[in-house]
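What follows is a short report on a single structure.
Every number in this text was worked out from the coordinates using simple rules, so none of it is lab data. Just so it is clear, the structure is predicted and the values come from calculations on it, not from any experiment. Note: ideal-geometry Cβ built from the backbone for every residue, glycine included; neighbour counts use all protein chains shown.
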Amino acid sequence: MENKHLRWAYLFGLALVWGSSFILIKLALIGLSPVQVGALRMIISAFFLIAIGFHKIKLIHKKHWKYIFINAILGTFIPVFLFAYAVQQIDSGIVAILNSLTPLNTLILGFIFFGFIFQKKQMFGILIGMLGTIYLITRSASLNPDDNYWYALTVIVASIGYAFNVNILKKYLSDLDATAIAVGNFILVLIPAFIVLIATGFFQQDIIGTTVLPALGYMCILAIVGTGIAKIFFNRLVQISSPIFASSVTYLIPIVALIWGVLDGESIHLTQILAGILILFGVYLVNKKQHL
């Protein structure tokens with residue numbers, strides 16, 4: 001499959017997987033704390049990636065490790081905790097919507113810190129997508145007045161981390177195998193994640209016959225599919241497209257997340273659907289006739 005078609009397959013596949021991640025976090029939080037969710041997500045993902053791709057480590061050269069370390073902190077370690085706290089306090093669909101700030105942050109940070117050039121049509125498309133996102137936020141907030149929206153700041157900080165992550169991947173790690181990047185990333189966070197998990201008292205809990213056991217099941221799905229496999233695909237997507245195209249997956253994620261919200265008993269209105277269409281139009285404008 002040609003790169004121009006493959007990138008769209010990756011984009012929609014990642015949107016489906018990551019859009020489903022928020023409901024999995026929500027279900028896992030029934031039996032686990034936000035810190036435990038974040039730590040377990042990294043630990044399970046690390047073991048999975050090491051099992052399938054440890055042989056790829058030899059592809060990582062000394063020059064790569066500092067950038068992989070930065071990515072591990074900004075694109076994995078910090079965001080997994082921030083999102084767990086956000087989903088505990090805010091409707092999962094809203095968290096996914098707030099994550100749509102990532103493409104705008106990617107564009108701004110790429111221009112300021114990494115020397116990437118963008119076209120006017122890309123900025124216009126991102127602004128269109130942002131308008132749809134803002135409308136979704138305000139509309140959904142009116143439907144969920146009891147949510148603590150101070151925790152929206154945690155999602156914004158996470159989106160900035162993701163934006164740095166995408167730009168670093170494109171500028172400094174494009175020559176490295178996508179699986180090798182993911183494995184190196186999680187090897188670096190494995191021990192810190194274990195230390196954090198031990199500190200929460202997780203191993204002193206009664207797991208069998210409690211809500212912890214099904215929560216662990218949700219975490220396995222989230223970690224293996226939503227983090228481990230998805231990380232490999234996302235790294236590859238960045239390599240065959242652009243930072244803006246890759247980060248535009250966060251415009252599609254809220255649509256999937258809202259569908260899961262409806263299935264979980266949350267309400268959705270026609271205005272939210274129209275805002276989702278506006279977001280999709282923004283993604284189209286960002287990538288229209290873009291030669292990569």
Note to self: From the helices alone, meaning DSSP H stretches of at least four residues, give me the mean residue ellipticity at 222 nm for the chain, per-run term -39500 (n - 2.57), in deg cm²/dmol to the nearest 500.
What the structure shows: -24000 deg cm²/dmol
Item checked: Spatially near lysine pairs across the chain, Cα under 16 Å, sequence gap of 8 or more or different chains -> 13
Margin query: Given points 7 Å out from each Cα along the Cα-Cβ axis, report the Ile195 to Phe69 separation in nanometres with one decimal.
Written below: 1.4 nm
Item checked: Proximal charge balance of Ala180 [Cβ under 14 Å; K/R count +1, D/E count -1] -> +4
Check: Quick one: Karplus J couplings for the range 150-164, per residue in order, coefficients 6.51, -1.76, 1.60, θ = phi - 60°, nearest Hz, x for Gly and Pro?
Finding: 5, 6, 4, 4, 5, 6, 4, 4, 4, 5, 5, x, 4, 5, 4
Notebook entry, point to check: Could you state the number of Å between the C-alpha centres of the range 86-116 and the range 8-65?
Noted result: 18 Å
Checklist line | Prolate/oblate/rounded label for the chain (Cα gyration tensor, a/c 1.5) | finding: oblate
Check: How far apart, in nm, are two points set 7 Å out from the Cα along the Cα-to-Cβ line at Ile108 and at Ile30?
Finding: 3.8 nm
Notebook entry, point to check: Once a ≥ b ≥ c are taken as the square roots of the eigenvalues of the Cα gyration tensor of the range 138-241, is the result rounded (a/c under 1.5), prolate (a/b larger than b/c) or oblate (a/b not larger than b/c)?
Noted result: oblate
Check: With the contact rule set at Cα under 8 Å and sequence spacing of 6 or more, what percent relative contact order holds for the chain?
Finding: 40 percent
Next item on the list: Report the net charge of residues surrounding Gly93, where surrounding means a beta-carbon distance below 14 angstrom and charges are Lys +1, Arg +1, Asp -1, Glu -1.
Entry: -2
Notebook entry, point to check: Which of Phe233, Phe83 comes first, and how do the rest follow, when ranked by fewest Cβ neighbours within 10 Å?
Noted result: Phe233, Phe83
Margin query: Using 0.36 nm times the number of residues separating Lys121 and Asp206, minus their current alpha carbon distance, what extension gain do you get?
Written below: 25.1 nm
Note to self: Could you tell me the center-to-center distance, by alpha carbons, between the range 252-276 and the range 196-249 in angstrom?
What the structure shows: 22 Å
Margin query: Counting only other residues whose beta carbon sits under 14 Å from that of Leu14, what net charge do I get with K and R as +1, D and E as -1?
Written below: +3
